[in-house]
1. In the chain, what percent of the accessible surface is made up of carbon and sulfur (1.4 Å probe, ligands and nucleic acids excluded)?
2. Might you tell me the accessible area per residue for the chain, computed with a 1.4 Å probe and given in Å²?
3. Please sort 32-38, 50-56 by packing, taking for each peptide the average over its residues of neighbouring beta carbons within 10 angstrom, highest first.
4. Cα convex hull of the chain: mean projected area in nm², to one decimal?
Amino acid sequence: ADAARGGKLEKESCSTCHASRFNGDSNAIYLRKNRRVDSYSRLISQVKFCEANLGLTWFDDQIMDVVEHLNQSHYHFDNK
C-alpha cells in the first residue's frame with residue numbers, strides 16, 4: 001500500500017468531516033481515548049465504512065492506501 005497516496009486521499013476526503021466533528025481538529029478523531037479502532041482489521045473496517053457512507057467509490061487499493069497512511073501516522077498496529 002502507498003501511505004503517501006493514502007495521506008492525500010485522507011486529506012481530500014476525510015479531513016473536512018472529521019474537523020467538523022472535533023472543533024476544527026481533523027486528527028482528534030484518531031487520538032481520542034475512546035476511539036473505535038483498536039486493531040488493524042478494525043481500521044480496515046472503519047475506512048471501508050467511511051468510504052461507503054461518503055459515497056467515495058474508492059478502489060480496494062485506495063482503501064488500503066488510506067489504511068496504511070492512518071496506521072503509520074496514528075495507530076501503529078504491528079499485526080497486519
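1. Numbers: 2450 of 5090 Å².
After summing per-atom areas, the C and S share lands at 48 percent.
2. Here the residues of the chain average 64 Å² of exposed surface.
3. Numbers: 32-38: 10.3, 50-56: 12.9.
Top of the packing list down: 50-56, 32-38.
4. 4.9
The values are calculated or read from the model by the stated rules, or taken from the named source; none is laboratory data. Remember, predicted model here, so these are calculated numbers, not experimental data. Virtual Cβ from ideal backbone geometry, glycine too; neighbours counted across all protein chains shown. Remember, those area values only see protein heavy atoms, side chains included, never the ligands or the DNA or RNA. Shrake-Rupley method; radii C 1.70, N 1.55, O 1.52, S 1.80 Å.
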